[in-house]
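Colleague: Before anything else, here's the structure in question.
The values are calculated or read from the model by the stated rules, or taken from the named source; none is laboratory data. Only a predicted model underlies this, so the values are computations on that prediction, with no experimental measurement involved. Because the Cβ atoms are built from the backbone with ideal geometry, glycine has one as well, and the counts that use them run over all protein chains shown. The protein model used for the area step is the full one, side chains on, heavy atoms only, and it has no ligands, DNA or RNA in it. Shrake-Rupley method; radii C 1.70, N 1.55, O 1.52, S 1.80 Å.
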Amino acid sequence: AIMLSLRITPFGERKRQRLLVARDITKIYHLNMIRRDFVANASHELRTPLTVIAGFLENLADSPQTPENHRRPLHLMRNQSERMRSIIEDLLTLSRLEMEDQTDAVQPVDVGTELDHLLHEARALSEGRHRFTLDIDRDLLIAGHQIELRSAFSNLVFNAIKHTPPGSHIGIVWRVDAEGPYFAVSDDGDGIEPEHLPRLTERFYRVDKARSRLSGGTGLGLAIVKHVLNRHQARLLIASEIGQGSTFTCRFPAERALYQAPATPLRAE
Ligand code: ADP
């Protein structure tokens with residue numbers, strides 16, 4: 001089979017004609033498949049030995065027989081193996097997401113309830129360093145993949161925690177407007193230079209590598225978000241201003257909006 005990429009572009013002196021450009025991307029497609037399978041297999045193969053290493057390090061670091069001067073290096077090694085584990089898990093998640101363009105298992109997802117759980121985890125991660133506000137339309141559900149959406153939303157909220165200074169405010173919005181349902185996370189942190197914005201969703205792209213490592217990031221979070229959204233025909237919009245903060249918005253097509261039955265009794269607050 002041959003894969004073609006088709007594009008229609010304005011053409012001619014007054015750009016009134018149209019030019020159809022067809023490119024044979026069979027080779028690119030195959031190379032991409034090989035790359036994808038390689039990453040998936042390599043990550044999978046690394047998982048088991050790493051689990052064994054991490055297990056032994058854990059035991060050694062905590063054992064009373066371990067000499068005092070070995071404890072610190074053992075703890076460092078354990079933390080680094082934990083980091084490796086997160087990277088491998090994220091790579092596996094990405095490979096899984098890349099296998100198909102569309103989400104299977106579509107179901108009504110109660111985003112409001114998801115966000116209650118997420119806020120709970122966010123507060124634990126922030127350890128009181130951030131202020132959170134929620135603006136949620138609780139009657140608004142979405143047709144989507146629950147686990148995938150959960151991972152996309154939590155990546156954005158955890159990013160806001162990891163990449164903003166203590167005392168920052170983080171706002172989470174789940175609402176619908178004329179365009180359709182949207183989920184947004186805003187922070188009033190340091191913001192991101194405009195030249196980085198188009199590249200943020202690339203794998204391992206980080207504005208500040210050293211800082212992101214310290215915060216426990218794998219550099220794969222936004223790539224995962226992008227893939228999940230693609231699979232929901234949704235878009236990720238990033239707006240950021242230095243010194244003002246950043247807003248990450250997930251916009252879903254209007255057809256995905258579902259509404260809770262109007263008979264729902266009012267919740268006791
Ligand atoms: P990481 O694991 O490093 O968080 P991501 O793919 O999730 O990787 O994000 C890529 C980079 O985008 C981060 O390293 C960080 O530099 C930047 N970034 C993401 N979210 C924010 C935010 N809310 N404020 C400032 N920078 C951010």
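Colleague: Quickly run through region 111-143 and pick out the residues that are without any contact (Cβ under 8 Å) to a residue 60 or more places away in the chain and among the small types (Gly, Ala, Ser).
Modeller: 122, 124, 126, 128
Colleague: Given the criterion outside any strand (DSSP E or B), surrounded by 12 or more Cβ atoms within 10 Å (Cβ to Cβ) and aliphatic (A, V, I, L, M), identify the matching residue among 28, 34, 2.
Modeller: Going through 28, 34, 2 in turn, just one is outside any strand (DSSP E or B), surrounded by 12 or more Cβ atoms within 10 Å (Cβ to Cβ) and aliphatic (A, V, I, L, M): 28.
Colleague: Please work out which one of (1) loosely packed, with under 11 Cβ neighbours inside 10 Å; (2) touching a residue at least 12 places away in the same chain (Cβ under 8 Å) is the condition residue 68 fails and give its number.
Modeller: With (1) loosely packed, with under 11 Cβ neighbours inside 10 Å; (2) touching a residue at least 12 places away in the same chain (Cβ under 8 Å) applied to residue 68, the lone miss is (2).
Colleague: Within region 193-243, count every residue that is over 13 Å from residue 162 (Cβ atoms), open to solvent by less than 50 Å² (accessible area, probe 1.4 Å), within 11 Å of the ligand (Cβ to nearest atom) and in a helix (DSSP H, G or I).
Modeller: Count: 5.
Colleague: Being touching a Ser or Thr at 6+ places or on another chain (Cβ under 8 Å) and either part of a loop (DSSP other than H, G, I, E, B) or over 24 Å from residue 223 (Cβ atoms) (or both) is the filter here; which residues of region 135-150 pass it?
Modeller: Answer for region 135-150, where residues must be touching a Ser or Thr at 6+ places or on another chain (Cβ under 8 Å) and either part of a loop (DSSP other than H, G, I, E, B) or over 24 Å from residue 223 (Cβ atoms) (or both): 139, 145.
Colleague: Filter region 170-192 down to residues that are more than 29 Å from residue 257 (Cα to Cα) and open to solvent by less than 70 Å² (accessible area, probe 1.4 Å) and give me whichever is farthest from the ligand (Cβ to nearest atom).
Modeller: Across region 170-192, the extreme among qualifying residues is 191.
Colleague: Among the listed residues 158, 153, 132, which satisfies the condition of being among the aromatic types (Phe, Trp, Tyr), surrounded by fewer than 18 Cβ atoms within 10 Å (Cβ to Cβ) and either within 14 Å of the ligand (Cβ to nearest atom) or assigned to a helix (DSSP H, G or I) (or both)?
Modeller: Every option except 132 fails the conditions.
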